[in-house]
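Accompanying notes for the structure given below.
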Amino acid sequence: MLSVGLTGGIGAGKSEVSRLLDKLGAVIVDADRIAREVVEPGTPGHAAVVAEFGDEVLLPDGHLDRPALGRIVFGDPQRLAALNAIVHPLVGARSAELQEAAPEDAVIVHDVPLLVENGLAPLYDAVVVVDAADETRLERLVRTRGMSEDEARSRMAAQADRAQRLAVADFVIDNNGPLAELEAQVHDVWRRLLDRRTG
């Protein structure tokens, strides 16, 4: 088994790389998806978030109102820490369950947006960083996610910078070019990960 951390700044294309690795046979453990699952209505995580932040973070159907919750925690380190104290242990436990359930020869790719920010690189056998120039990422966020330029710059500034991410990388996938180039790089990294698993 090989445990791989996959990360990249917002707009770098990490989700596309994750999708391609999934097609090649990786077992994907998606931290963002798990973070949503562990606060679904009826879960202990959901109850804990509501107890901490109140009913104003709920939609009429009982699901969390993520934009409302985001407005509360964004820019308030104490409130963000309170949310993370609820969600992070639940995500960690669920991720461990998924890893334990994987086949012995699996390459498990942990898709972790804030891997660098949370100091998680040492937890993995290898770290793959999806990299793109800041201006490329900015343009993608405005064009594909409908963000204003100010909002996109703010989201980018809240994350580690490129140098910090590249410093922990065992493999770097350059996603400044077209999709065909990205696919070729992902295939190359996949072959090298398989070599590490068997080596």
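The values are calculated or read from the model by the stated rules, or taken from the named source; none is laboratory data. Bear in mind the structure is a predicted one, so any value in this text is a computation, not a measurement. All Cβ positions, even for glycine, are placed from backbone atoms using ideal geometry, and neighbour counts span all protein chains on display. Just the protein is used for accessible areas: all its heavy atoms, side chains included, with ligands, DNA and RNA removed. Shrake-Rupley method; radii C 1.70, N 1.55, O 1.52, S 1.80 Å.
Just give me the residues in the stretch 130-173 being in contact with a strand residue (DSSP E or B) (Cβ under 7 Å, 6 or more places away or on another chain) and in a helix (DSSP H, G or I), in sequence order. Break it down stepwise before answering.
Of the residues in the stretch 130-173, the ones in contact with a strand residue (DSSP E or B) (Cβ under 7 Å, 6 or more places away or on another chain) are 130-131, 162, 165-166, 168-173.
Arg162, Arg165, Leu166, listed by residue number.
Considering only the stretch 116-129, I want to know if a residue exists there that is in contact (Cβ under 8 Å) with a residue 24 or more places away in the chain, in contact with a helix residue (DSSP H, G or I) (Cβ under 9 Å, 6 or more places away or on another chain), in a helix (DSSP H, G or I) and not small (Gly, Ala, Ser).
No: the stretch 116-129 contains no residue that is in contact (Cβ under 8 Å) with a residue 24 or more places away in the chain, in contact with a helix residue (DSSP H, G or I) (Cβ under 9 Å, 6 or more places away or on another chain), in a helix (DSSP H, G or I) and not small (Gly, Ala, Ser).
Tell me, which residue of the stretch 152-199 that is crowded, with 16+ Cβ neighbours inside 10 Å and of a type in the set (S, T, N, Q) is farthest from the chain's Cα centre (by Cα)?
Looking at the filtered set, the residue picked out is Gln185.
Mind checking which residues of the stretch 109-130 are crowded, with 21+ Cβ neighbours inside 10 Å and either basic (Lys, Arg) or touching a Leu at 6+ places or on another chain (Cβ under 9 Å) (or both)? Give the steps one after another, and end with the answer.
Kept after step one, since they are crowded, with 21+ Cβ neighbours inside 10 Å, are these residues of the stretch 109-130: 109-112, 115-116, 124, 127-130.
If the condition is that a residue be crowded, with 21+ Cβ neighbours inside 10 Å and either basic (Lys, Arg) or touching a Leu at 6+ places or on another chain (Cβ under 9 Å) (or both), then Val109, His110, Asp111, Val112, Leu115, Tyr124, Val127, Val128, Val129, Val130 are the ones that fit.
For the stretch 89-106, check the following and say yes or no: at least one residue is among the hydrophobic types (A, V, I, L, M, F, W, C), closer than 18 Å to Arg19 by Cβ and either open to solvent by 70 Å² or more (accessible area, probe 1.4 Å) or part of a helix (DSSP H, G or I) (or both).
Yes, the conditions are met somewhere in the stretch 89-106.
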